[in-house]
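Here the structure comes first, spelled out in structure tokens, and everything after it is commentary.
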Amino acid sequence: MDAEQLINAITPEAYERLLFAVETGKWPEGTPLSKQQRDSCMQAVMLYQSKHNVQAQHMTVAKGGEISFKSKAELKKQFQPEQSDIVRVNPNDE
């Protein structure tokens, strides 16, 4: 099986299982991966991301095979709530 066939065979559900295995070192059921299995899963995840990842996060492979890096400031901005959404209440002002 070549890389293109592998990418096309991976379903979104299979990708999530592979990603979990790479991140945790075990399958969702709890069975540990060998080093070789983890390496193979990581390669499959990177191949899948290179074709399907249109919103790459910090240090991932974006669509088209480009490696995407976000700065610390970009990540903070992405995960901080909008300041206009925050209502500040001072308990001493009654």
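The numbers here are math on the coordinates, done by the rules we state, and not lab data. Source: prediction; values computed, not measured. Methodologically, a virtual Cβ is constructed for each residue, glycine included, from the backbone with ideal geometry; neighbour enumeration extends over all protein chains shown.
Would you please give the residues with an amide H less than 5 Å from that of residue 26, counting only those at least 5 places away or on a separate chain, with H modeled from the backbone geometry?
Long-range HN contacts for residue 26: 33.
With labels modelled as points extended 7 Å from the Cα through the Cβ direction, what inter-label distance (nm, one decimal) is found for residue 2 paired with residue 14?
Taking the simple label geometry, residue 2 and residue 14 are separated by 1.8 nm.
For segment 3-42, which GluC sites (Glu not before Pro) are both in a DSSP coil and crowded by at most 11 other Cβ atoms within 10 Å?
For GluC sites (Glu not before Pro) across segment 3-42 that sit outside H, G, I, E and B with at most 11 neighbouring Cβ atoms in 10 Å, the list reads 29.
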